[in-house]
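Sharing a structure with you now.
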Amino acid sequence: MPRITLPDGSVKEFDAPVTALAVAESIGSRLAQAAVGAKVDGELADLSTTLTKDCALAIVTPKTRDGEADPDALMLVRHSCAHVMAEAIERVVPGAQLVYGPALETGFYYDIAFPEDRHLKEGDFEAIEKEMAKIVKEDRAFTRYELEYGEGIRKLDGEGSKYKIDNAHRAHEAGSLSLTWYATGEPGKDWEDLCRGPHVPNTGRIGAFKIMSLASSYWHGDENSDRLTRVYGTAFFNKKDLNEHLTRLEEAKKRDHRVLGKQLQLFHFDEAVGQGLVLWTPRGSIIRKELQDWIGTELRKMGYSDVFCPHIGKLELYKTSGHFPYYSDSQFTPVMDREFIHRVADEGCSCSELSNQISMGQVEGYLLKPMNCPHHIKIFDSQPRSYRDLPVRLSEFGTVYRWEQSGELNGMTRVRSFTVDDAHLFCREDQIGDEVRGCLRLVKLAFETLGLTDFRVRVGLRDPDSAKYVGTAEVWDKAERACLDAAAELGAKVSEEPGEAAFYGPKIDFIVRDVIGREWQLGTVQVDYNLPERFDLWYTGADNTKHRPVMIHRAPFGSMERFIAVLIEHFAGAFPTWLSPEQVRVLPISEKSSAYADEVHAALMAAGVRASVDHSNERVQAKIKHGAEWKIPYLLVVGPRDAEGGVVSVRAFGEEKDLGAMPLGDFVAAIADEISSKGETNVRARMSPAGAGT
RNA sequence: GCCGCUGUAGCUCAGUGGUAGAGCGCACCCUUGGUAAGGGUGAGGUCGAGGGUUCAAGUCCCUCCAGCGGCUCCA
C-alpha cells in the first residue's frame with residue numbers, strides 16, 4: 001500500500017503497487033501525456049517504474065513549471081537518443097561494437113569499436129541520422145527487462161561483446177545483483193542494449209537530434225587499451241530547442257579567442273616559427289603591455305621587487321630543483337654543452353643512447369627554463385638574509401618553455417612558450433597567512449576590475465592518508481588553514497580538494513570557464529616547503545641561528561597568453577577602453593573635413609590616447625561599420641559642422657545611435673579619465689546632462 | 001603522442017579527373033557623401049609540402065607539416 005509523496009507535499013495512497021505513469025494519470029491526463037520520466041526519492045527512473053513502497057515521487061516533464069527545460073528530462077531524452085543512434089550505427093556499419101554511451105550536459109556520446117576496415121566518417125552522419133529518424137518515427141517503446149546476474153552474463157557471453165561483458169562485471173563489482181537491458185521495442189525482437197537506464201517511454205519522444213562530431217577515446221581512458229571512436233550527438237524534445245542550442249554554439253564560436261584573435265589581429269601563429277609559439281602582433285601586444293604595466297604598478301605598491309632573468313639555465317640547476325630529468329618529457333630538448341656534444345660524438349654515442357642519457361639526466365648543458373623559480377631562488381640566495389628582511393617578494397613576467405604534446409596545443413590557452421606573471425615570496429612561517437592573503441587581494445582586485453566573475457577557486461589540500469608530503473603536520477595544518485581562509489575572502493565558489501595539494505605544499509587554483517564550456521586553470525598560489533630545502537635556503541633568525549624560509553609561488557593570472565585568451569572571450573573582443581588596442585577612430589565625413597580630423601587626431605595622440613583617422617574614400621556609413629567590426633570603443637564623426645564648432649560627434653561601441661556632439665577638449669579630457677580610471681568614469685557619463693560641464 | 005576531420009587569393013569559403021572561382025579586404029578611378037556596406041576597374045593562387053597513379057590531379061593514393069574536435073597529459 002504505497003504512500004506517494006508529491007513535490008507539493010501532498011500524499012497519494014494506493015491499494016497496490018502502482019507505476020509512476022499511473023500516478024501521473026491520477027493527477028491529470030495532461031501531466032501523464034507530458035511525462036517522460038520519474039524521480040523516485042530523488043533518483044531518476046523510468047515512467048514505467050512500479051512503486052511498491054512509500055516514496056517521494058516527482059513526474060519529470062520536458063519543461064519545468066517556469067517553462068525552463070528540465071535538465072533531468074534532457075538527460076533522459078539524450079540517453080535514449082544515444083540508444084537510437086547506436087542502433088542506427090549498427091545498421092549502417094555492420095560489425096560495430098558498442099562500448100559505452102552516456103548522456104552529457106549538452107548532449108551524449110557513444111563509444112564504439114569499429115571494425116578495422118570500416119571507420120566511421122563524418123560523411124556517414126547523414127545515413128545514420130536518416131536511420132535514426134526512422135526509429136524515432138516508429139515510436140517504439142523503450143522496454144526494460146532484468147536478468148539475474150549469472151543468467152545475464154551467460155546471455156552476454158553468447159553475444160560475445162567483451163565490452164558489454166566488462167560493463168556487466170563493473171556493475172556487479174559496484175554491487176548490482178542483476179543486469180538490466182533496454183529493448184527499443186519488444187525484447188527478443190527489436191534492438192536492445194545492456195543499460196542501466198532510465199529512458200523516455202518511446203522513441204517518438206525524441207523530438208530533435210543531431211550527430212555533432214567524431215572523436216577518439218581509449219577503452220577505460222587507458223591509452224594502451226583499445227582505441228574507440230566516440231560519436232557525439234545531442235537531442236532535445238523539439239526542433240526549436242535544438243536550433244537554439246545550435247545558434248548558441250555559433251555565437252560561442254564568434255567569441256572564440258582563436259577566431260577573434262585572427263579577425264582583430266591580436267596574435268599570430270606561424271608554421272615557420274613552430275607549433276604553439278605565439279607571435280604577439282602590435283594590437284595584441286598593446287593589451288598585454290597595458291595589463292603588465294598595471295599589474296606591475298600594483299605589485300610595486302604591494303612591496304614586490306622586479307627582477308629579470310635569462311631564459312636558460314644549467315641543467316644542474318634544474319636537477320637541484322627536481323625539474324630535470326623528472327619532467328624531461330614536457331621540456332624542450334636541452335641545449336647541449338659543446339664539450340658534451342664533442343665527447344658524445346667522439347665516443348660514437350647513438351641517438352638512442354643520447355636520448356637515454358637525457359632521460360637519465362646524464363647530460364651536461366642548458367635548459368630552456370620550464371619554470372622561473374630556480375632563478376629567483378638564486379637571487380634570494382645571492383646574499384645572506386635576516387629575519388628582518390623577510391618577506392622578500394621577487395616578481396617577473398618570466399617566459400617559460402614547455403614541450404606540450406602536439407595534440408594538446410590549443411590557441412593561446414595551451415602553448416609551448418608562455419609568460420607567467422610570476423613571483424616568489426620568501427617568508428617566515430608566521431608570515432604565510434598574510435602573504436597568501438596578499439596574493440589573493442591582487443587576484444580579487446584584478447578580477448573585479450576586469451569584470452571576471454565566472455570563475456571558481458580550488459584549494460588543494462593534502463591527502464591525510466598519504467606520507468608523500470614534505471613538512472610536518474602542524475606546518476601543513478597552518479598553511480592549509482591560511483589558504484582556505486584567504487580563499488573564502490575572495491567571494492567566489494571555493495571547493496576543498498583533499499589529495500590535490502602538491503607534495504611540497506597546499507595550493508589555490510583559479511579556474512575560469514571559456515565560452516565553449518571548457519575550464520581553464522588560470523592563476524595559482526602555492527605554498528612550498530620543498531625547494532627551500534633542496535636549495536638549502538636559510539635566513540638568520542632573531543635567535544641568531546639559521547632558519548629555513550618558506551616559499552610561495554604565485555601567478556594570479558597564470559600565463560599572460562591564457563589569461564588574455566580568456567579576456568578576449570569574456571569581452572567578445574570588445575575590450576574596455578583602457579585595454580583597447582585602438583581606443584578612438586576619427587571618421588571625417590569627406591575629404592573636406594580631413595584637416596579637422598587630423599587636428600582631432602593630434603589632440604588625442606597628445607593626450608596619450610590610441611587613435612587613428614579613417615581617411616578612406618568611403619561614406620561615413622561604411623566607416624562606422626568598419627569601426628564597429630574592429631570593436632573600437634569610440635568613433636568620432638567629424639564634418640564641417642563639427643569643425644566650425646570645434647566639437648566631435650561621438651559614437652560608442654555597442655550603441656545604435658550616436659551620443660551627440662561634445663567639445664573636442666571635453667572629449668579628450670573625458671576619455672583620458674575613462675582610461676586612467678579603467679572605466680570607473682566614462683565618456684557617456686560626461687555627456688549626460690548631469691555630467692555636462694562638470 | 002593517439003584517433004577522426006580539415007588545409008584553394010590577406011580573410012571566409014565554393015569548386016569529385018579535362019583552361020583555378022565568389023564575397024570581403026587591397027590598389028587605382030569616379031563619387032565629396034552627416035551616423036552600420038555608393039559605383040567602376042584592376043592586382044593578387046606552384047590549390048599546405050613532397051612523392052605516386054593517370055594522356056591529364058586542386059580533385060585519387062602514400063608520406064610529412066599545420067589547424068580543428070576529442071582521448072591521454074598538464075610541475
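What follows draws every value from the coordinates through simple rules; no lab data is involved. Quantities reported herein were computed from a predicted structural model and do not represent experimental measurements. Here the Cβ is made from the backbone with ideal geometry for all residues, glycine too, and neighbour counts use every protein chain on show.
Show me, bin by bin at 10 Å from 0, the whole-percent P(r) of the range A:581-627 based on Cα pairs.
31, 53, 16
Within the range A:37-62, what residues put their amide N at less than 14 Å from the label point 7 Å along the Cα-to-Cβ vector of A:Glu25?
It comes to A:47-51, nothing else.
Another question, then. Is there a quick way to get the dipole size of the range A:74-207? I mean about its Cα centre, with the Cβ of Lys and Arg at +1 and of Asp and Glu at -1; what is the value in debye to the nearest 20?
Once rounded to the nearest 20, the dipole reads 260 debye.
Just want to confirm a number: the relative contact order over chain A, from Cα pairs under 8 angstrom separated by 6+ residues, in percent.
8 percent
Right, another one. Sorted from largest down, what three extents in whole angstroms do the Cα atoms of the range A:252-301 have along their principal axes?
Principal-axis extents of the Cα atoms in the range A:252-301, largest first: 40, 29, 16 Å.
Nearest-5 percent of antiparallel DSSP beta bridges in chain A?
Values: 95 of 114 bridges.
Roughly 85 percent of the beta bridges in chain A run antiparallel, per DSSP.
Would you mind calculating the gained length between A:Ala16 and A:Phe308 on full extension (0.36 nm times residue separation, minus the Cα-Cα distance), in nm to one decimal? Intermediate values should be presented prior to the final figure.
On the way: separation 292, 0.36 × 292 = 105.12 nm, distance 7.91 nm.
97.2 nm is the gain from fully extending A:Ala16 to A:Phe308.
Using just the alpha carbons, could you tell me how many Å³ per residue the convex hull of the range A:17-62 encloses?
58 Å³
Can you tell me the order of A:148-157, A:550-559, A:636-645 when each peptide is scored by its average per-residue count of other Cβ atoms within 10 angstrom, highest first?
Descending mean neighbour count gives A:550-559, A:636-645, A:148-157.
Determine the shape class of the range A:326-481: with a ≥ b ≥ c the square roots of the Cα gyration tensor eigenvalues, call it rounded for a/c under 1.5, and otherwise prolate if a/b is greater than b/c, oblate otherwise. Don't jump to the answer; show the numbers that get you there.
Numbers: a/c = 1.97, a/b = 1.62, b/c = 1.22.
The shape class here is prolate.
Compute the Cα gyration tensor for the range A:30-98, then decide on rounded, prolate or oblate, letting a ≥ b ≥ c be the square roots of its eigenvalues: rounded whenever a/c is under 1.5, prolate when a/b is larger than b/c in the other cases, and oblate in all that remain.
prolate
For the range A:538-681, what Kirkwood radius comes out of the mean inverse Cα-Cα distance, in Å?
17.5 Å
Also, quick follow-up: How far apart, in nm, are two points set 7 Å out from the Cα along the Cα-to-Cβ line at A:Lys189 and at A:Glu298?
6.8 nm
Taking the Cβ-Cβ separation of A:Lys63 and A:Lys162 as r and a Förster radius of 45 Å, what is the calculated FRET efficiency to the nearest 0.05?
Computed FRET efficiency for A:Lys63 and A:Lys162: 0.65.
Near A:Lys39, which lysines are there with a Cα under 21 Å away, not counting those fewer than 8 places off in the same chain?
Reachable lysines: A:Lys12, A:Lys53, A:Lys63.
Between A:Arg684 and A:Ala252, what is the spin-label point distance in nm, taking each point 7 Å from the Cα along the Cα→C-beta axis?
Going from the A:Arg684 label point to the A:Ala252 one covers 2.8 nm.
Additional query: What is the spin-label model distance, in nm, from A:Ser594 to A:Ala215 if the labels are put 7 Å beyond Cα along the C-beta direction?
Placing both labels 7 Å beyond Cα along the Cβ direction yields 5.5 nm.
Here's a follow-up. Could I get the Rg over Rh figure for the range A:105-216? Both from C-alpha atoms, Rh via Kirkwood, rounded to two places.
0.98
Nothing charged except the Cβ atoms of Lys and Arg (+1) and of Asp and Glu (-1): what's the magnitude of the dipole of chain A about its Cα centre? Round to the nearest 20 debye.
Values: 84 positive and 106 negative charges, 281 e Å.
The dipole of chain A has a size of about 1340 debye.
As a test of understanding, state the convex hull volume per residue of the range A:411-469 from its alpha carbons, in Å³.
Roughly 182 Å³ of hull volume per residue.
Additional query: In Å and whole numbers, how far do the C-alpha atoms of the range A:160-210 stretch along each principal axis, longest first?
Computed over the Cα atoms, the extents are 36, 22, 21 Å.
Mean separation of Cα pairs under 8 Å and 6+ residues apart, divided by the residue count of the range A:1-93: what relative contact order is that in percent? If you can, show how the numbers build up before the last one.
Details: 144 pairs, mean separation 24.2, N = 93.
Relative contact order comes out at 26 percent.
For every helix of n ≥ 4 consecutive DSSP H residues, a contribution of -39,500 (n - 2.57) applies; sum these over chain A, divide by its total residues, and give [θ] at 222 nm rounded to the nearest 500 deg cm²/dmol.
Only helices count here, giving -11000 deg cm²/dmol.
Assuming a ≥ b ≥ c are the square roots of the Cα gyration tensor eigenvalues, decide whether the range A:49-167 counts as rounded (a/c under 1.5), prolate (otherwise, with a/b larger than b/c) or oblate. The partial results should precede the final answer.
Working: a/c = 2.28, a/b = 1.26, b/c = 1.81.
It is oblate, given that a/c is not under 1.5 and a/b is not larger than b/c.
When ranked by the protection proxy of mean other Cβ atoms within 10 Å per residue, highest first, what sequence do the peptides A:613-626, A:500-513 form?
Numbers: A:613-626: 14.3, A:500-513: 21.4.
So the peptides A:613-626, A:500-513, ranked by packing, come out A:500-513, A:613-626.
At 1.002 mPa s and 20 °C, plugging the Kirkwood radius over alpha-carbon pairs of chain A into Stokes-Einstein gives what diffusion coefficient in µm²/s?
70 µm²/s
Per residue, what volume in Å³ does the Cα convex hull of the range A:602-694 take up?
In the range A:602-694, the Cα convex hull volume per residue is 109 Å³.
Among the lysines, which fall within straight-line cross-link reach of A:Lys625, defined as a Cα-Cα distance under 24 Å, with same-chain neighbours fewer than 8 residues apart omitted?
The reachable lysines, counting only those whose Cα sits under 24 Å from A:Lys625, are A:Lys253, A:Lys254, A:Lys262, A:Lys592, A:Lys657.
Turning to a different aspect of this structure: Kindly state, to the nearest 0.05, the FRET efficiency for A:Lys134 paired with A:Thr545, given R0 = 60 Å and r defined as their beta-carbon distance.
E between A:Lys134 and A:Thr545, to the nearest 0.05, is 0.15.
What full-extension length gain, to one decimal in nm, is calculated for A:Ala572 and A:Arg338 as 0.36 nm per residue of separation minus the Cα-Cα distance? Mind dumping the intermediate values first?
Details: separation 234, 0.36 × 234 = 84.24 nm, distance 4.88 nm.
That pair, A:Ala572 and A:Arg338, stretches by 79.4 nm at full extension.
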